[in-house]
Amino acid sequence: MVNDDAFGVMQAMAETVPDTRPGPPFAGVDRYFDEPEPREDGRAAGLLGWAATARKEQRGALLRLTQWMHEAPDAERRVILILMEQYEGRLPRGAVADIARTAGVQRKRVWFAVNRFAKYFPDAVAKARGVKE
């Protein structure tokens, strides 16, 4: 009986000993250690799956977006992102200067970006300043 009790105490001690082994050497630094386990349905596969079942108009819009992203430099993409997030496609007074300041570009680049984006998506940017369509 005493041996069973002693074994139980020893087992309990062994199970509660903290693990002092170091973790992976590059955890938090190297992407390999931080990425989740690969899944069958990644983002690209999900996009392709959506495109396979999407309507023709939606696929056309995705194609236009891809073409615009291929043609537009990074500065213009930042401008359009700010325009859509903050101003919802409207250009009220003072918006061009504010977008240029936020995106870190000149005001002329904002107009180039808006014109190039409107070439692919004519109804995305309001034609009248300050009017939400």
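The values are calculated or read from the model by the stated rules, or taken from the named source; none is laboratory data. Just so we're clear, the structure is a prediction, and the values are computed from it rather than from any experiment. So basically every Cβ, Gly included, is an ideal-geometry build from the backbone, and we count neighbours across all protein chains shown.
Could you grab me the full set of residues in segment 66-99 that are assigned to a helix (DSSP H, G or I) and either of a type in the set (Lys, Arg) or more than 22 Å from the chain's Cα centre (by Cα) (or both)?
Correct list: ARG77, ARG78, ALA95, VAL96, ALA97, ASP98.
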Margin query: Just to verify a result, which residue in segment 117-133, among those that are among the hydrophobic types (A, V, I, L, M, F, W, C) and in a loop (DSSP other than H, G, I, E, B), is modelled with the lowest pLDDT?
Written below: VAL131
Next item on the list: Would you be able to tell me the number of residues in segment 10-54 that are surrounded by 10 or more Cβ atoms within 10 Å (Cβ to Cβ), of a type in the set (A, V, I, L, M) and modelled with pLDDT of 65 or more?
Entry: 6
Next item on the list: Please specify each residue of segment 87-116 satisfying the condition of being modelled with pLDDT under 90 and surrounded by fewer than 13 Cβ atoms within 10 Å (Cβ to Cβ).
Entry: GLU88, ARG93, GLY94
